[in-house]
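Take a look at the structure set out below.
The values are calculated or read from the model by the stated rules, or taken from the named source; none is laboratory data. Since the model is a prediction, treat every value here as computed from it, not as a measurement. Cβ sites come from the backbone with ideal geometry, for glycine too, and all protein chains shown count toward neighbours. Protein only, heavy atoms only, side chains kept; ligands, DNA and RNA dropped before computing areas. Shrake-Rupley method; radii C 1.70, N 1.55, O 1.52, S 1.80 Å.
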Amino acid sequence: MNESITQKERIISLDIIRGLALFGILFINVGAYQIIVEGGALPDYSGINGIIDTLIDILIEKKFFSIFSFLFGVGFYIFTSRAESRGDKPRWRFVRRLLSLLVIGIVHVFIFWGSILAIYAVIGLFLVPFYHAKVSTISKWLCGIVSAHIIALLLQVFVPNTGVFSNVINFLGNDAIAIFIMFLSGFLVAKADWVSHISEYTKQIKWIQMGTIPFFIGFSIWIWFAAQGDNQNMNSIIALGLIPTTYFYLTSLFLILENKQIVKFLKPIACVGQMAFTNYVAQSFIGLAIISLMGLEVVSPNNIVIISILIFSIQIIFSVVWFKFFKMGPLEKVWRFMTYGKRTA
C-alpha cells in the first residue's frame, strides 16, 4: 500500500498557508520559550514594545493557531478520503494517526510546555463522527457550535456573573471549542470540494471575505482600545474576533494564491508548510538556542519579532534544502510509520 502523497497531488496553496501559519505562531510561542520566574525580571512593554505587543494581539494572537487548526480539518478529510479510496478503514486509520500524534505531543510537552500537539490529538477525535455526515448536516452543526461559542464569549464580557451557568459558559467559550470550530470548518470546506477548486467558488469566497472585513476592522479597533485601557476582558475580546478574523485571513489568502506568480514566489514557504510537523517541533529547539545565544533573561516584544524572523528564515533555508534530497520531513516520516507501521511503502 502506498499512502504517501506525490508532489502533483499536493495543493501548494495549502502548504504556503500552513507555512505562513507557522510563522504567525512563532510570534506567540517565542515569548513563552523563556519561562518567567517569580521575582525575576519582567518583559519591557513600554514605548515601541507596547505598540508591538498590541499589534500582535490585534493581528496574530489566536488567529494563526486557528488557521493551523483549519488546515488540520482540511487534512483530516484529505487523509481519510484517500485512505478510503485505497480500501483502508478511514476512521480507524485516522484514530491511530491521532493516537500517534498524542504520544509525540506528550513527549514535546517536556521540551515546550505550550505545545498544542497533544491537545490537537484529543480534540481531533471529535471530528471522526462527522466523516460520513452530509455537508448540510456539518454546516448545521458548525453554525450551532459557533453560535453557542459566541454567546458564551459575549456573556463573559458583558455578564461576568452568571451564577450556576458559569461552568457551562466557561466551557463553551474555551479555546478548545474554538479549535474544534476551525477543525470542523476546514473539514467542511474540504468535503464541499472548495479547496481543490478555489477558482470555481471565487464568488462565494469573496462574499465571505467582504462579510468578515467589518468584523476584522471593528475588533481590531476594540482590541486596540482595550489594550490601552488594560481591559480585564482582553482575552475574551480577542476570542470574540477570532472566527471572523480567521475566515477573513483564509479567504484573502486563498484568493491571493490563485495568482500563479505569487505562488511561485512563495514556494520556499510552501516547503516549510510541507513539513509543518517537523518545523513546529523544531521551532522550540531553535528558539531556545537563539534566546540562549542572545543571553536574554526575558523576551520582550521587540525580541519576539527579531527571533521569529530568524527562526523562520532558518526554517525556510533548511526546508528548501531538505526537499532537494528527501520527499518528506523527518518527523512526518516517524508519524507515518506510527500510523501505518510495517505497511508503509
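Could you say which residue among A21, A41 is in a helix (DSSP H, G or I) and of a type in the set (A, V, I, L, M, F, W, C)?
After applying the criteria, what remains is A21.
Taking region 287-298, which residues are open to solvent by 10 Å² or more (accessible area, probe 1.4 Å) and closer than 21 Å to E61 by Cα?
L288, V298
Looking for something at pLDDT below 95, crowded, with 16+ Cβ neighbours inside 10 Å and among the hydrophobic types (A, V, I, L, M, F, W, C) - is there at least one such residue anywhere in region 307-320?
no
Pairs only if they're at least six apart or on different chains, beta carbon under 6 angstrom, first in region 40-56 and under 12 Å from V299 (Cα atoms), second open to solvent by 80 Å² or more (accessible area, probe 1.4 Å); list them, first residue then second.
That search, which allows pairs on different chains as well, returns A41/E297; D53/Y45.
Testing V168 on (1) open to solvent by 50 Å² or more (accessible area, probe 1.4 Å); (2) in contact with a Ser or Thr (Cβ under 9 Å, 6 or more places away or on another chain); (3) of a type in the set (V, I, T); (4) modelled with pLDDT of 95 or more, one condition comes back false. Which one is that?
(4)
Read through the list (1) of a type outside the set (A, V, I, L, M, F, W, C); (2) surrounded by fewer than 19 Cβ atoms within 10 Å (Cβ to Cβ); (3) touching a helix residue (DSSP H, G or I) at 6+ places or on another chain (Cβ under 7 Å), then give the number of the only condition that G173 fails.
Only one criterion is unmet by G173, namely (2).
Starting from residues that are surrounded by fewer than 20 Cβ atoms within 10 Å (Cβ to Cβ) and either under 16 Å from L26 (Cβ atoms) or in contact (Cβ under 8 Å) with a residue 40 or more places away in the chain (or both), keep the ones in region 247-256 and report whichever is farthest from the chain's Cα centre (by Cα).
Looking at the filtered set, the residue picked out is L255.
Since V95 meets every condition but one in (1) surrounded by fewer than 18 Cβ atoms within 10 Å (Cβ to Cβ); (2) closer than 23 Å to F225 by Cα, which condition does it not meet?
(2)
Under 7 Å between Cβ atoms, which residue pairs at least 6 apart in sequence (or on different chains) link something in region 210-223 that is free of Cβ contacts under 8 Å to residues at least 60 places away in the same chain with a partner that is open to solvent by 50 Å² or more (accessible area, probe 1.4 Å)?
Every condition considered, the pairs that remain are T212/Y247.
Could you tell me which of the residues G114, G75, G50, G31 is in contact with a helix residue (DSSP H, G or I) (Cβ under 6 Å, 6 or more places away or on another chain) and assigned to a helix (DSSP H, G or I)?
Criteria check complete, one pass: G31.
Being over 19 Å from the mean Cα position of the chain (by Cα), farther than 22 Å from I12 by Cα, in a helix (DSSP H, G or I) and not hydroxyl-bearing (S, T, Y) is true for just one of L288, L296. Which residue is that?
Exactly one of L288, L296 is over 19 Å from the mean Cα position of the chain (by Cα), farther than 22 Å from I12 by Cα, in a helix (DSSP H, G or I) and not hydroxyl-bearing (S, T, Y), namely L288.
Examine region 312-331 for a residue that is over 26 Å from V107 (Cβ atoms) and in contact with a Leu (Cβ under 9 Å, 6 or more places away or on another chain), and state whether such a residue exists.
No - not one qualifying residue is present in region 312-331.
Can you confirm whether L154 is crowded, with 16+ Cβ neighbours inside 10 Å and part of a helix (DSSP H, G or I)?
No, not satisfied.
Filter region 176-215 for residues that are open to solvent by 60 Å² or more (accessible area, probe 1.4 Å) and small (G, A, S); which is nearest to S81 (Cα to Cα)?
Once the filter is applied, the top-ranked residue is S196.
So which residues in region 98-125 are of a type in the set (F, W, Y) and open to solvent by 20 Å² or more (accessible area, probe 1.4 Å)?
Hits for region 98-125 are F110, W113.
Residue under question is V334, and the condition is that it be open to solvent by 10 Å² or more (accessible area, probe 1.4 Å) and either touching a Phe, Trp or Tyr at 6+ places or on another chain (Cβ under 8 Å) or at pLDDT below 95 (or both); does it hold?
yes
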